[in-house]
Amino acid sequence: MFTILIFAGLVIDLGNAYRVQRALQASADAAAAGGAGELTMNYPANVGDATSAAVRYGSQSGGVNPIAGVPGADVSESVKVDCQAQAGYNCTLGQPNTVTVDETARVPTYLLKLLGFDTIQLKAHAQACSPCGGLPLDVMIVLDRTESMDADSKMAHAKDGIKAFLSTMDPTVDNVGLAVLPPAPSTGTGCQSVDSYFAGSNHSGTYSLPGAAYTVVPLSNAYATTTGNLVNSSPLISTVNCVQPGGNTAYAEAIDAAYQELQADGRPDAQKAIVILSDGAANVGPSFLPGSSPYLTRPCGQGATSAGVAKAAGVLVYSIAYTADGDDCYASPGATMPDGSTAGWHNTRETDVAGAQTALQNIATDPSYFYDLPDPSSLTGIFQRIAADLAGGSSRLVQ
C-alpha cells in the first residue's frame, strides 16, 4: 500500500504540479510583456505604470491570471524594471527598457500529503524588453534651415537635438540621412549659404533651381562607430554641424525628396521614417512649375499631401512645430489662384489650412507623432523621445 501511495502521489501530484508550472510560466510571461509594453507609452518611461501592469497580469491575489487549485495567497511575484542592453539597443539614454518577473507558487498536494509533503514549490521567470533594438530603421531627417532659424539659437538647439537622436541610433542596424529646406544649390553644397539666392524679391530662391538638392546626405550608417560614438567627420555629422540658415519655407519638396531617398536606398526589411522640424508656415514654391500647381497655390496643404504619399507606403512621419504659433500659410508669389488672381508676397492665405501648426500636425502620421511648440532647449529630449518611440515597436520576451 505504501508503494502504491508513492506512485499514485507521483502521478497525481506531480502531474498537477506540471499543469501549475505551465500556468505559472504563462502568467510570468504575460506580466513581463504587459509591463514592458508600458515602457514606450510615455517618455520618460513611467516605471510605476510598468510595475503596475506587471503586477496586474500576475497570478497572486489581485492578479488577473489566477491558477485553478492554487490560492492567490500562495503565489508571490517580484517585479524589477531596469535597463539592459539587447542586440541593437544599449542604455545610452538611461531609460529603462526591461521588465523582469519572478513568480513563486506553493502547490497543495493530495496523496503526497499523506507522506508528509504538504506543498510543492514552483518558480517561473520571465523577462521582456521594449524598446529592444534589433529593428532596422531607415530614417530621413528633414531640417528647416530657413532664415528664421537663426533667431534665439534655434538652429543650434536643432543641431543638438539631431545629434542626440543620432546618439541613440545603432549604426549596425540603423541608417540615417538628411534633407534640408531650402534646398542646396546642388549636390555637395549642403554647407553653402543660400542667402544670396533669396535676395531682393526672389522669394523662391533655391526652390526654383532645377538642379536644387534637398537630400544633402543620403542614407548611411557612417554617422557613428557604435551607439553613442558619433563620427564628427562623417558626411551626416559634418553637414549637420555646418549647415547655415537662410531663405524661406516650403515643406513639400523636401518631404518628396526624403521619401524618394527612402524608396531608392531604403532596405526592404527596415522600418522607414521621416522626422521633419520646421519653425514656420510654407509660403513659397518653385517658380518653374505651372502657376496653378498646388506646390504654389497651397504650399502648406501640399506638404500634407506629400507626407500622405509616404504614410500610405508605411513610412512613419514625425513632425515638430518649432515656435510656429500664429504663423499663417500663404500662396507662393506668382501662383494662379482658382479665382484667376495672381498671388503676391504674403497677400493670399491658404483657405483650407489654419496655419503652420495645423499644417505640421497634418503632416504627421497622427497627432501622437506631432510635437507642438517645444521650448528650444527641449528639442534634445523630443528627438530622444522619437528615437525611443521608433524602437518601441521591437518589444519582445527575451527570457
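Look at (1) in a helix (DSSP H, G or I); (2) under 21 Å from Tyr295 (Cα atoms) and you find that Asp150 fails only one, number (2). The condition (being surrounded by fewer than 23 Cβ atoms within 10 Å (Cβ to Cβ), touching a strand residue (DSSP E or B) at 6+ places or on another chain (Cβ under 8 Å) and either within 26 Å of Val231 (Cβ to Cβ) or in contact (Cβ under 8 Å) with a residue 24 or more places away in the chain (or both)) is satisfied by just one residue among Leu209, Leu181: Leu209. Listed conditions (1) over 26 Å from Asp389 (Cα atoms); (2) in contact (Cβ under 8 Å) with a residue 60 or more places away in the chain; (3) assigned to a loop (DSSP other than H, G, I, E, B) are all met by Thr172, apart from (1).
Which is among the small types (Gly, Ala, Ser) and free of Cβ contacts under 8 Å to residues at least 60 places away in the same chain, of Ser204, Ser234? Give the steps one after another, and end with the answer.
Working: Ser204 fails: free of Cβ contacts under 8 Å to residues at least 60 places away in the same chain.
Just a single option satisfies the conditions, and that option is Ser234.
Within the stretch 220-227, at least one residue is under 20 Å from the mean Cα position of the chain (by Cα) and either touching a residue at least 60 places away in the same chain (Cβ under 8 Å) or not assigned by TED's automatic domain parsing to the domain that holds Asp195 (or both).
Count of the stretch 36-61 residues, restricted to those that are touching a Ser or Thr at 6+ places or on another chain (Cβ under 7 Å) and under 18 Å from Asp389 (Cβ atoms), is 4.
Exactly one residue out of Ala250, Ala257 is of a type outside the set (D, E, K, R), in a helix (DSSP H, G or I), in the same structural domain as Ala307 (by TED's automatic domain parsing) and in contact with a strand residue (DSSP E or B) (Cβ under 7 Å, 6 or more places away or on another chain), and it is Ala257.
Residues that are part of a loop (DSSP other than H, G, I, E, B) and in contact with a strand residue (DSSP E or B) (Cβ under 6 Å, 6 or more places away or on another chain) were ranked within the stretch 314-347; the one that is surrounded by the most Cβ atoms within 10 Å (Cβ to Cβ) is Tyr322.
The values are calculated or read from the model by the stated rules, or taken from the named source; none is laboratory data. Only a predicted model underlies this, so the values are computations on that prediction, with no experimental measurement involved. All Cβ positions, glycine included, derive from the backbone under ideal geometry; neighbour counts span all protein chains shown.
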